[in-house]
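Below is one structure, written out as structure tokens; the observations come after it.
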Amino acid sequence: MKENEAYERLIANGVRPSAQRLAIMEYLLTHHTHPTVEEVYRGLNTKIPTLSRTTVYNTLRILSEHHAAQMLTIDDHHICYDSDTEPHVHFFCKHCGKVLDLMEAEAPVVDVKNIGNNIVDEVHLYYKGTCAECAKRQEKVNEVN
Ligand SMILES: [Zn+2]
Ligand SMILES: [Zn+2]
């Protein structure tokens, strides 16, 4: 990550850069694992003991509302965040719950301005199934049986 990248991302998207917001933005920029609120909280609470889950929750909402990060609502039990705001396809593994980027898959078109008279400003494409790791594990189980 470039120095000041978190700061510049917040400023560019009109988010006031408080110390906690900077830390959360920086966490997203350095963890491309699509973390949830809980994961961001656990990743930062040793470094910032005053940080609360509520602050993490609210900050991630603000970041996504200002397009400084993407909120992924692939499944209602698993809302997660991505600092990569460029359109790309996500894959949700139904077995381990991991969210992966499918950079090989064609990203949805976002320059569609409207469909009918509806104005489109976000497009999400989710694929769901069994990730490579889980598929390999299942193969092994089948071999044993
Ligand atoms: Zn999996
Ligand atoms: Zn992603």
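Below is a table of values for the structure above.
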{"read-out": "L29 vs. criteria touching a Ser or Thr at 6+ places or on another chain (Cβ under 7 Å) and more than 16 Å from ligand 1 (Cβ to nearest atom)", "value": "yes"}
{"read-out": "Residue that is nearest to T73 (Cα to Cα) [pool: residues in the range 107-138 that are small (G, A, S) and surrounded by fewer than 11 Cβ atoms within 10 Å (Cβ to Cβ)]", "value": "A132"}
{"read-out": "Failed item in (1) touching a Phe, Trp or Tyr at 6+ places or on another chain (Cβ under 7 Å); (2) buried (at least 17 other Cβ atoms within 10 Å of the Cβ), with P17 passing the rest", "value": "(2)"}
{"read-out": "Flag for E104 being more than 16 Å from ligand 1 (Cβ to nearest atom), surrounded by fewer than 12 Cβ atoms within 10 Å (Cβ to Cβ) and not in a loop (DSSP other than H, G, I, E, B)", "value": "no"}
{"read-out": "All positions within the range 32-54 that are in contact (Cβ under 8 Å) with a residue 24 or more places away in the chain, open to solvent by less than 70 Å² (accessible area, probe 1.4 Å) and either within 16 Å of ligand 1 (Cβ to nearest atom) or within 17 Å of S64 (Cβ to Cβ) (or both)", "value": "H34, P35, T36, V37, V40"}
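The values are calculated or read from the model by the stated rules, or taken from the named source; none is laboratory data. Note that this is a predicted model, so its numbers are computed, not measured. A quick note on method: Cβ atoms are made from the backbone with ideal geometry, for glycine too, and the neighbour counts reach across all protein chains shown. Calculation scope for accessible area: heavy atoms of the full protein, side chains included, ligands and nucleic acids excluded. Shrake-Rupley method; radii C 1.70, N 1.55, O 1.52, S 1.80 Å.
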